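Contents: one structure, followed by commentary.
Each value in this text was obtained by applying a stated rule to the coordinates, not by laboratory testing. The structure presented is a predicted model; accordingly, all values stated were derived computationally and were not measured. Methodologically, a virtual Cβ is constructed for each residue, glycine included, from the backbone with ideal geometry; neighbour enumeration extends over all protein chains shown.
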Amino acid sequence: MSHQPVIDGLEFAKSSSKLQGAWPVAEFLRLHDVLHSTAGTLRYELRGVPEERGRPVLRLKIDGSLQLLCQRCLGAFEFPLHMEVSLRLAATQFEVDAEPLDAEGPESILAGNEMRVQALVEDEVLLAMPIAPRHPACASSAADAAGRKQTPFAGLRGLIGSTKH
Ligand SMILES: [Zn+2]
């Protein structure tokens, strides 16, 4: 049986718990659509923080790489993934909705007593995926053409930030 940890979010944060592990990329079914190949492994490290700016927080670190297809030259390339996010835990959905939408700030999620760690990792990886993946070289020539710079992590958060103004 594969590694399927489930945590009680608030309890995990309050007790400063730690958890780490790894999964083959192939196990992340929701990523399959955007992958060129399911080769590779994603490692994670999850840490509970009892209080950060008034809220319990889960700090999630993800390392690994994904095999993507460049949308410019259609060549396969390796997309390195090294991210660390803070997830502020909210006790109710009302609290989550009441948070101002801030692309720069930590994301709020609903705390549950049976949170699947693999789903948390998958959510964050999906958010970090580029909308139109490109080789670094293809990305910079495309950026010249478009007159703007595309970062490798231009995902949903970037979009939220750019539509806010
Ligand atoms: Zn390319």
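Most exposed first by the Cβ proxy, i.e. fewest other Cβ within 10 Å, how do LYS18, LYS61 rank?
The most exposed by this proxy come first: LYS18, LYS61.
Spin-label point model (7 Å from Cα, Cβ direction): what's the GLN93 to LEU19 distance in nm?
2.3 nm
Name the residues whose placed amide hydrogens come within less than 5 Å of the amide hydrogen of VAL57, ignoring near sequence neighbours (fewer than 5 apart) on the same chain.
VAL49, GLU51, GLU52, LEU89
Under a point spin-label approximation (7 Å from Cα along Cα-to-Cβ), what is the CYS73-SER140 distance to one decimal in nm?
With each label placed 7 Å out from Cα toward Cβ, I get 1.3 nm.
What residues qualify as long-range amide H neighbours of SER65, i.e. H under 5 Å apart, gap of 5 or more or another chain, H built at 1.01 Å from N?
Long-range HN contacts for SER65: THR41, LEU81.
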